[in-house]
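First comes the structure, then the notes that go with it.
No value in this document is a laboratory result; all are computed from the given coordinates. Predicted, not measured: the structure shown is a model, and the values here were computed from it. Because the Cβ atoms are built from the backbone with ideal geometry, glycine has one as well, and the counts that use them run over all protein chains shown.
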Amino acid sequence: MTASKEKILRVCEYCGKSFYAQKSTTRYCSKQCNSYAYKAARRKEKIKMAETMSQRKASEKSMSEILAKEYLTIHEVAILLGLSKQTIYNMVYSGKLRASKITSRLSFIRKRDVDYLVDSLPYTKKDSLTNPQTNNGASPTSSEVVKELPVPEYYSAKEIAEVHHTYDTAIYEIAKKTKISRISIQGRVYWNKKEVDDYFAKQTPDPTITEWMSVMDIQQKYCMTKNAVYSFVNHNAIPRKMEGNFVLYSKRHVEMAKGETVENTLYYSIPEAMKLYGLSQDQIYKRIKKYGIEKVKIGKYIKISKRDLEKAIGKPTVI
């Protein structure tokens, strides 16, 4: 908009002072107010983004806790399925979902009953495009059509649970994080067999790990709350595996992270080596590569052999 010769009386949107402007679109009385307003708007955007990220992390943490349980409350089932509590109650009252009433105010639903509900009520179209016929000339039911359709390159959710020893709804959680191909046949979802196998192959725990601990084992041994256990295993990247509906964690890695094993006396962490030898992180890594110093990954941390390091560059001089 071109400037007018007449002065226009306006009020600054930042400081609230009155001023004369040459354009009707001018919003601030000075460049300083304009700059302050821009910075305030940017600050609000950052705060909103931080709050959104915090809510997302809290939601993911809540979901991981729900998935680790065998028995769920009505509220937890509603979160798991993305429905309202009243909808879950309606399913229970109609007999579609089985629930156990422990007290007048407390009810539990087994996770496998939720999985059974999802698998037992597939969505099917009323009118088939191909309208296949059975041997006696009559139109088959939707379930008969599904059974007759060959899908050799795809898994159903139930087959994934059986082959990879997990729960039936696990694939839906995995699909949110990865891009596994899927197809829909007569209302049933099938997942690409190769991509599913490749995903679980990457998730397969180290075969050298023979001892595992459940969340309850860690709680009892270290007197930790369940939330503290989840925070601890995630922070230290403890290897895990699914066994039925339960998550198990590597006992050796838990003990290493807690500083209980002998291995911690045989290795330096990178920060420890930097402090003892007065070297930078890059210098430490160059010496590891140059002298072939043994290194191991404990949780998400790299540790290097004390013996190899002392043999290569001598005993530490910085105390």
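Observations on the model:
- Förster radius 35 Å - calculated FRET efficiency between Asn227 and Tyr89 (Cβ-Cβ, nearest 0.05): 0.80
- Inter-label distance, Tyr172 to Lys39: 4.9 nm, where each label sits 7 Å from its Cα along the C-beta direction.
- Restricting segment 20-71 to trypsin sites (Lys or Arg not before Pro) that sit in a DSSP loop and have at most 14 other Cβ atoms within 10 Å of their own Cβ leaves Lys23, Arg27.
- Put the Cα centre of segment 187-259 next to the Cα centre of segment 1-59 and the gap is 50 Å.
- Over 18 Å between alpha carbons, listed pairs Lys57/Lys176; Lys158/Lys251; Lys69/Lys111; Lys17/Lys46; Lys111/Lys179; Lys57/Lys158: Lys158/Lys251; Lys17/Lys46; Lys111/Lys179; Lys57/Lys158
- Prolate/oblate/rounded call for segment 212-257, Cα gyration tensor, a/c under 1.5 rounded: rounded
- Cα gyration tensor shape of segment 152-203, rounded if a/c is under 1.5, else prolate or oblate by comparing a/b with b/c: rounded
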